[in-house]
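As structure tokens, the structure follows; a few thoughts come after it.
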Amino acid sequence: MARYGGHVLREQLVRHRATGPTDIPVRTGEVTREWLTAVLCTGIPDAAVRAYAVADVSSGTSTRWRATVSYNDAGRDAALPTELFAKTTRSWTQRLLLGLADVLTGEPGFYRHLRPHLEIETPYGYHGAVDPASGRSIVLIEDVATTRQATFCTPQTPISRAELEDLLTGMATWHGRHWNDPGLARHPFLHQTPRTFVGNLARFAQLRRRGRVGVQRARTVIPDPVVARYEDLYLALWRSLELTTEGPLTLLHGDPHIGNVYRTGDGRMGFADWQVVMRGSWAYDVAYTIVTGLSVDDRRRWERDLLGFYLGRLGAAGGTAPDFDDAWLAYRQQTLWPYFGWLLSTGRSAIQPRFQPASTNFGMLERTSNAILDLDALGAVRGAIRRER
């Protein structure tokens, strides 16, 4: 905390201009033509950035800005990217959250090592860098809002069954491609599992305490039986996370809620925000997407069919699909973290960045809490414990 704070204070007193490939600009004012040339024109002889324009977009768990870039003839002939989207850690709270959660290297690693080998609907990545000492980080990716006319979703965005199937098809593709893949363990940015990730958050962000605050703030959208079983559900959460480390492990998006989903101009559905990429059970990703992506009524109508659809796509993509009954149990068990994750977002403390607006928090909590109740997530986890005994 002190180290990050010291760096942020120094950066406010002494403005930095990025010029070389090892520099990490976190503010739009730190970007230069020289730096853009260094990180975007590598390997293209004589290519150079001729001009650029940057504009701030928003700030939450990261600071986000856009850049439009033009090149000289060599750069244009090489079709270098012109519409960029940047995510950086500008503030102390951003560095503290992402640094102590140990996810600063996730997105740069994903876009460099994994994205080039996946045929899925997600942005392309162009550059990423992290300085562990200061917590400064940046990732430059395709600005899909411009290049693909994409619009991002919220809990208020109607999602059809076909659109959710499109998301599950992409998910099955990366799950199947990396099913039980020992090569994943060789990537340092993939050392985390859901259990270690949430464990880091619990220690730093006081998950148990802030979750209780979240319950009180969102009391109007959470069913009474879920409110009453807070402690039981919290204890079951940890067993459910342990289950994500059992059986075949695969590549996980790690945070595939509907707010990290976009719809392209031609109707494709894709995932963005690979900050929390990790290894674990397929069910962690699938449950998170279904229970946050659909209204309560639509989930109740479609979830069993959607799970069967995913299992079919997983087998076609190279994974070994489990028996449906086993898969249904695993799906039910993994509905706990989506609930507690959004309680943390709602009950955040003063030193945590504002993850999402209240309308998103409340929408997610209405969906996830009802899923826990409908699917008897507590009973599903307790049943696993009894079988082990």
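No lab work stands behind these numbers, since they all come straight from the coordinates. Because the structure is predicted, anything quoted here is derived from the model rather than measured. Glycine gets a Cβ as well: all are built from the backbone with ideal geometry, and neighbour counts include every protein chain shown.
Structural descriptor for the range 2-145: relative contact order 23 percent, calculated from alpha carbon pairs under 8 angstrom and at least 6 residues apart. The trypsin sites (Lys or Arg not before Pro) found in the range 253-300 include none that occupy coil by DSSP while having at most 10 further C-beta atoms within 10 Å. Of 328, 302, 179, the residue with the greatest mean-square motion in the GNM of the chain, using alpha carbon springs below 10 Å, is 302.
Residues of the range 305-337 with an amide N closer than 19 Å to a point placed 7 Å from the Cα of residue 246 along the Cα-to-Cβ direction: 320-337.
When the square roots of the Cα gyration tensor eigenvalues are ordered a ≥ b ≥ c, the ratio a/c for the range 1-108 is 1.5 or more and a/b exceeds b/c, which makes its shape prolate.
Assuming charge only on the beta carbon of Lys and Arg (+1) and of Asp and Glu (-1), the dipole of the range 2-145 about its Cα centre is about 600 debye to the nearest 20.
Computed over the chain with a Gaussian network model linking Cα atoms closer than 10 Å, the most mobile of 30, 142, 107 is 30.
How big is the antiparallel share of DSSP beta bridges in the chain, given as a percent to the nearest 5?
That works out to approximately 100 percent antiparallel.
Applying the criteria of a DSSP loop state and at most 12 other Cβ atoms within 10 Å to the trypsin sites (Lys or Arg not before Pro) of the range 1-41 yields 15, 17. Computed over the chain, the per-residue total of -39500 (n - 2.57) for DSSP H runs of n ≥ 4 gives a 222 nm mean residue ellipticity of -14000 deg cm²/dmol, rounded to 500. The alpha carbon centroids of the range 77-106 and the range 108-173 are separated by 12 Å.
With an 8 Å Cα cut-off and a minimum separation of 6 or more residues, compute the relative contact order for the range 209-281 in percent.
Computed over the range 209-281, the figure is 30 percent.
Between 176, 254, 379, the residue with the greatest mean-square fluctuation in the GNM of the chain (Cα pairs under 10 Å linked by springs) is 379.
Take 34, 163 and order them by how many other Cβ atoms sit within 10 Å, fewest up front.
Working: 34 16, 163 19.
The fewest-first ordering by Cβ neighbours comes to 34, 163.
Computed on the chain, with alpha-carbon pairs under 8 angstrom and 6+ residues apart, the relative contact order is 17 percent.
Loop only per DSSP, at most 11 neighbouring Cβ atoms within 10 Å: give me the GluC sites (Glu not before Pro) in the range 172-258, ordered by residue number.
Of the GluC sites (Glu not before Pro), the ones in loops of the range 172-258 whose Cβ has at most 11 other Cβ atoms within 10 Å are 246.
Classify the range 150-388 as rounded, prolate or oblate from the Cα gyration tensor: take a ≥ b ≥ c as the square roots of its eigenvalues, call it rounded if a/c is under 1.5, otherwise prolate when a/b beats b/c and oblate if not. Note, shape of the range 150-388 comes out rounded. Shown here: the range 233-349, whose C-alpha atoms stretch 44, 39, 30 Å along the first, second and third principal axes, sorted largest to smallest.
Once you sort the root eigenvalues of the Cα gyration tensor of the range 80-203 as a ≥ b ≥ c, which label holds: rounded (a/c under 1.5), prolate (a/b larger than b/c) or oblate (the other case)? Before the final figure, lay out the partial values.
On the way: a/c = 1.44, a/b = 1.23, b/c = 1.17.
The shape class here is rounded.
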